[in-house]
Amino acid sequence: MDKFLEQLPIVFGALNIGFLQTLKLFFVTLIGAFPLGLVIAFGSMSRFKPISYIAKVIVWIIRGTPLMIQLLILYYFPGLVFHQAIWGGGENGRFTAAAISFIINYSCYFSEIYRGGIQSVPKGQEEAGLVLGMTRSQIFRHVTLLQMIKNILPPISNEILTLVKDTSLARIIALQEIIWAGQSFMKGSHGISGAIWPLFFTALYYLIWNGIMTVLLGKLEKKLEYFR
Amino acid sequence: MSILEVQHIRKSFGNTEVLKDISFSLEEGQVLSIIGSSGSGKTTLLRCLNFLEKPNGGVIKVKGGVLYDSADPATQLESQIREKRLHFGLVFQSFNLFPQYTALGNVMLAPTLHAKERPDYKQNKAQITAQIEAQARDLLTEIGLEDRMDSYPHQLSGGQCQRVAIARALALKPDILCFDEPTSALDPELTGEVLKVIKGLAQVHTTMIIVTHEMAFARDVASQVIFMDGGTICEQGPPEQVFGNPRNERTKQFLSRYNEDR
């Protein structure tokens, strides 16, 4: 027991550092994927056929294959095939590769949610705006956007909760996120080895973070209840 | 000179010809009622006037100026359509209010966005906004919604929603205000309050085109009546003539239902 209490601060210190990396990947993915998803959504709804075709094929490939494969390919392909170490060897390189994979992957999922959200706003809203002499971009910003956000909030919330847990996939390219940090105590780190219990605590981090996200997203949903 | 001249408008969707050679004109301050069964092309005609549909043929003139000519591509430039639309206002059957704005916000939105394009907007922002708000409040008061200005559409009855929609259209001071079956989504009681507002507008000589199934109202409020059937105008004239003494067989048939009901 004494030993456990001695090890606890060491383990939490390492897990905290790992979790910071997890959160960094989480936020960078959201910041990148929210706007990129909108671009892909507009692409797939484009009246110019080649663009909508390309967007749809990209979405099909990205949604149709595991994120883990996308991560592995993006990270190792340039080095192994072209002998170009574009990511460098360090943690920063791994993070960049992971962030790009995650942003591409999540923006494809978001794009489909956006598309559904845009199409769920009645056509009459756009027509009312047009008749009032508004431009299409004014209509989107001042009329359609908020209605769309309200409509897509539940499925987007779902994706956000999934993303929290999906960040652990970056472990496969040895990104030093929280799973990596927890696992390191099995092999030996900071003078602790053969310890499985730190891994249980990593689960607690995810659980608490997702709890916070659930509450925040619920609040946002409530906030948009003032209109129907 | 007529405020509106519509000449030989044709519109097809695929192989279906919805409007076949529609021509009529409207004088300033007059009210035109368009009646006819569902699918006769009434709504499509209004949508063509508001540039929500592009006619395949014909000419639309407002105050003598050509707004649209199917033979002249220069009148069909996408960049000018926005401005041309402002000659017309349109009140929809399903209101189409913006749900995230209050009644006041719905009326103010488009005038505010238009004002932002004025070169002096940044300098006189407060003054311009106050002016737009005052005008919106006046309009809502006129239609009897002074105590519902801060309500959201879902908190209003259908009749109140439609009245807000009328105020929203009026806020842009269109030359011609169009109504597409404005009471078809309302129960008889709520229909009354909307019709009263439209009658009030007719009394102050607002130029209007009203597509409606309310025959008594159409007869009452109109200075001209058009009966449409199968994409053509079957009969056209003052209400006493079209309702009292229809000449066209199809008109007689259509109106016999209404006369029986009375």
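Give me the Debye-computed log₁₀ of I(q)/I(0) at q = 0.08, 0.11 Å⁻¹ for the protein assembly as shown, equal point scatterers on Cα only, no solvent, two decimals. Normalising to I(0) and taking log10 leaves -0.67, -0.97. Per-residue mean of foreign Cβ neighbours for B:95-105 is 5 (Cβ atoms of other chains, 10 Å radius). So, how do all the Cα-to-Cα distances of the range B:1-73 break down into 10 Å bins, in percent, from 0 on up? Reading upward from the zero bin: 19, 54, 24, 3.
The mean number of partner chain beta-carbon atoms within 10 angstrom of a residue's beta-carbon across peptide A:120-129 is 4. With kT/(6 pi eta Rh) evaluated at 25 °C and eta = 0.890 mPa s, and Rh the Kirkwood radius from Cα pairs, the range A:28-115 diffuses with a coefficient of 179 µm²/s according to Stokes-Einstein.
Evaluating kT/(6 pi eta Rh) at 37 °C and 0.692 mPa s, with the Kirkwood radius of the range B:4-261 over Cα pairs in the Stokes-Einstein relation, gives 170 µm² s⁻¹. Three principal axis extents of the range A:2-226 based on alpha-carbon atoms, in descending order, are 74, 49, 23 Å.
With everything on Cα atoms, drop me the angle between helix B:188-203 and the longest principal axis of chain B, reported from 0 to 90° to the nearest 10. Value to nearest ten degrees: 80.
Evaluated at q = 0.14, 0.19 Å⁻¹, the base-10 log of the normalised Debye intensity for the range A:110-225, with identical point scatterers placed on the Cα atoms, takes the values -0.73, -0.99.
Taken together, the values in this text are just the output of simple stated rules run on the coordinates, not laboratory data. Note that this is a predicted model, so its numbers are computed, not measured. So basically every Cβ, Gly included, is an ideal-geometry build from the backbone, and we count neighbours across all protein chains shown.
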